[in-house]
Amino acid sequence: MANVKWRGPGGILEQATQVAQIAKASKHPLRGAFIALRNSLVIYKKMMFDFGYVTAQLHQASVDRDGNPIPWFTYPCVEYLKQLDLRERSVFEWGSGNSTLFWANRCKNVIAVENDQDYHQKIKSLLSVKNNIDLIFEVEPSEYVRAISKCNKKFDIVVIDGPAWRLDCAQKAIRYLKEQGIIILDNSDWFFKAAQFLRDQNLIQVDFSGFGALNDYAWVTSIFFTRNVQFNSLEAKQPRWPPGAVRYEIEN
């Protein structure tokens, strides 16, 4: 509870006062309050358990409800990526971790670069079970950014999710992206200059805003699509039902 803000602008007490004022002005304050409380509990259950927020906190890692590794992106972005057929796709990512395992389980091969020695060793031991991962260690910022250029190939998916230098990484990424590929920029609401640069390269920006594993705040993961992008779905229909969905299927 240390991060909870009780007083001041945006605090719990201010929000409670606003709710009370809205209820007072409502024609049916008691009914509205009951519905709001009921729906809050339903939403809480879906976020905590259906999306796997509780499981992630118990593991202290970015995982879904079943304990499977997922990228530390917003849940809407993760759900979008899960439905794609990536079996023949290649991935390069700045920043490694559970995202690397996620890609390795779905893609043909993954190259990830890491700049923290202790974290590199930890991740390296976890990734040893996979033979389609190449994990690179580069401590110098310039070499870290240049790591993609040493691969001598272009990639279907490039992920920018390292500790810093994201604008520099974006400027490199565009040169090593296939014509039908995508670039994923996490925390794009913080790294707005990197997002602006990628938009200026005639890429289509789609923002996936919302909550995700571990964090107690919402953020934005953005995917930048080339104009010729072509990714097929794993299933016959797209989109698929997300966790917590009402599973209707309406034909018209």
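Read-outs: derived from the displayed coordinates by stated rules, not from any lab. Note that the coordinates shown come from a computational prediction; the quantities given were computed from them, not determined experimentally. So basically every Cβ, Gly included, is an ideal-geometry build from the backbone, and we count neighbours across all protein chains shown.
Tabulated results
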{"item": "Cα gyration tensor shape for segment 201-251, rounded if a/c is under 1.5, else prolate or oblate", "result": "oblate"}
{"item": "Projected-area average for segment 63-172 over all orientations - Cα convex hull basis, square nanometres", "result": "6.9"}
{"item": "At q = 0.24, 0.30 Å⁻¹, base-10 log of I(q)/I(0) for segment 80-119 (Debye sum, equal scatterers on each alpha carbon)", "result": "-0.77, -1.04"}
{"item": "With at most 15 other Cβ atoms within 10 Å, longest stretch of the chain clear of loop GluC sites (Glu not before Pro) (DSSP)", "result": "89-234"}
{"item": "Spin-label pair Tyr248/Glu140, simplified geometry with 7 Å Cα→Cβ offset, distance in nm", "result": "6.0"}
{"item": "Inter-site label distance for Gln21 and Gln57 at 7 Å from Cα along Cβ, in nm", "result": "3.0"}
{"item": "Between segment 96-140 and segment 226-252, the Cα center-to-center distance that results, in Å", "result": "29"}
{"item": "Measure of compaction for segment 129-252 (Cα Rg per 2.2 N^0.38 Å)", "result": "1.23"}
{"item": "Cα-Cα separations in the chain greater than 35 Å, expressed as whole percent", "result": "24"}
{"item": "Distance between modelled label sites at Ser40 and Asn152, nm, 7 Å Cα→Cβ extension", "result": "6.1"}
{"item": "Contact order normalised by residue count of segment 75-225, Cα under 8 Å, 6+ apart, percent", "result": "21"}
{"item": "Cα-Cα separations in segment 44-118 greater than 17 Å, expressed as whole percent", "result": "47"}
{"item": "The chain: most fluctuating residue of Asp50, Asp189, Asp118 per GNM, C-alpha cutoff 10 Å", "result": "Asp118"}
{"item": "Cα centre as origin, Lys/Arg/Asp/Glu Cβ charges: the chain dipole, Debye", "result": "600"}
{"item": "Under DSSP loop assignment and at most 13 Cβ neighbours within 10 Å, longest trypsin sites (Lys or Arg not before Pro)-free interval of the chain", "result": "154-226"}
